[in-house]
Amino acid sequence: MNLQKKEKLTIFESALFRTTSTLFVNDDLLLLVDPNWLPGEIGKIQEAIDRIEGDRPLYLLFTHSDYDHIIGWKAFPDATTIASQALIDNPNKEDQLEEIRKFDDANYIQRDYPILYPEINIPVTQNGQQLKIGNTTLTFYLTPGHNPDGIFTIIEPAGIWIAGDYLSNIEFPYIYHSSRMYEDVLKRAEKILEEHDIRQLIPGHGDPTDSRKEILRRIENDRKYIQSLRETVREEDIPGPEHFYQPVLFPGIMGDFHQKNIALMRKEERER
Ligand SMILES: [Zn+2]
């Protein structure tokens with residue numbers, strides 16, 4: 001991707017679930033997104049930041065409160081934190097922390113920082129809210145659907161779109177909150193492509209892309225998954241995820257997520 005001189009984008013990919021941690025650096029700031037999973041992986045991000053930080057401020061953005069995305073908070077205790085107001089108001093904070101503790105216990109993982117729920121310095125309360133830092137502008141959009149408290153962040157003028165758990169090329173929509181809201185987020189995604197000069201999309205899991213065509217393909221793929229699943233959700237036997245979305249690289253766990261989507265959408269249809 002063509003960044004301006006002095007702009008630097010590093011995408012760290014965890015060995016687990018292909019989860020991304022993004023570090024954007026320019027003259028004005030360092031912006032770190034969702035530093036995650038293993039202690040060694042988080043250590044590498046810390047080292048990278050220590051090497052380059054200087055006297056620039058470090059901002060730490062959380063795309064949403066799912067435990068894999070907040071797992072590294074206290075490894076960066078001096079950062080100024082950004083997340084949605086809904087993440088702050090999350091009534092189930094303890095559940096996310098419990099997931100982290102369970103994961104660490106199951107895998108014999110010890111961390112040299114405490115597991116705590118993020119305290120947020122800059123809450124995002126509305127669509128289009130902006131934060132200006134020097135010559136950099138961050139624009140935020142609320143994206144409830146996957147879960148209740150997601151946000152999109154656009155970094156300009158670099159044209160980088162931090163998508164959280166949307167617009168992946170390796171995951172069909174995982175819907176924990178609302179399939180209708182998820183579809184609204186996909187509409188929002190199309191609008192963002194019209195209104196911003198996007199040069200790079202970075203999803204929470206999977207490959208980033210600099211292709212507008214590829215972003216549109218992901219939007220359409222995700223929409224098709226939700227719509228076609230909704231059409232069959234009243235039937236008794238529903239085919240596996242590969243019938244609704246390609247590729248399904250990890251049929252075991254992805255089959256589980258598909259079943260959870262079916263359960264949620266059945267509930268939605270009953271309540272309509
Ligand atoms: Zn998530």
Using only the alpha-carbon atoms of the range 6-153, report the extent along each of the three principal axes, biggest first, to the nearest angstrom.
45, 34, 25
Contour excess over end-to-end distance, with Cα ends at E268 and N135 and 0.36 nm allotted per residue:
43.5 nm
Roughly speaking, what is the centre-to-centre gap between the range 212-272 and the range 32-51 when only Cα atoms are used, to the nearest Å?
33 Å
Counting all Cα-Cα pairs in the chain, those more than 33 Å apart amount in percent to 19 percent
Could you tell me how many degrees, from 0 to 90 and to the nearest 10, lie between the Cα long axis of helix 179-195 and the main elongation axis, the longest principal axis, of the Cα atoms of the chain?
50 degrees
Describe numerically, in nm with one decimal, the distance between label points set 7 Å from Cα along Cα→Cβ at R111 and at D184.
3.1 nm
Please identify, among F152, F244, F62, the residue showing maximal mean-square fluctuation in a Gaussian network model of the chain using a 10 angstrom Cα cutoff.
F244
May I ask you to list the aspartates and glutamates whose Cα is less than 15 Å away from that of K93, ignoring any residue fewer than eight positions away on the same chain?
D66, D68, E119, D149
Which lysines have a Cα less than 22 Å from the Cα of K44, not counting those fewer than 8 places away in the same chain?
K6, K8, K74
Report the semi-axes of the equivalent ellipsoid for the range 72-144 in whole Å, largest first, where each axis is √(5λ) for an eigenvalue λ of the Cα gyration tensor.
28, 16, 9
Listed residues Y108, Y245, Y166; largest mean-square fluctuation, Gaussian network over the chain with Cα springs below 10 Å, found at Y108
Per-residue [θ]222 nm for the chain (sum of -39500 (n - 2.57) over DSSP H runs n ≥ 4, rounded to 500)
-11000 deg cm²/dmol
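Bear in mind that the values in this text are calculations on the coordinates, not laboratory data. Just so it is clear, the model here is predicted, and its values are computed rather than measured. Cβ sites come from the backbone with ideal geometry, for glycine too, and all protein chains shown count toward neighbours.
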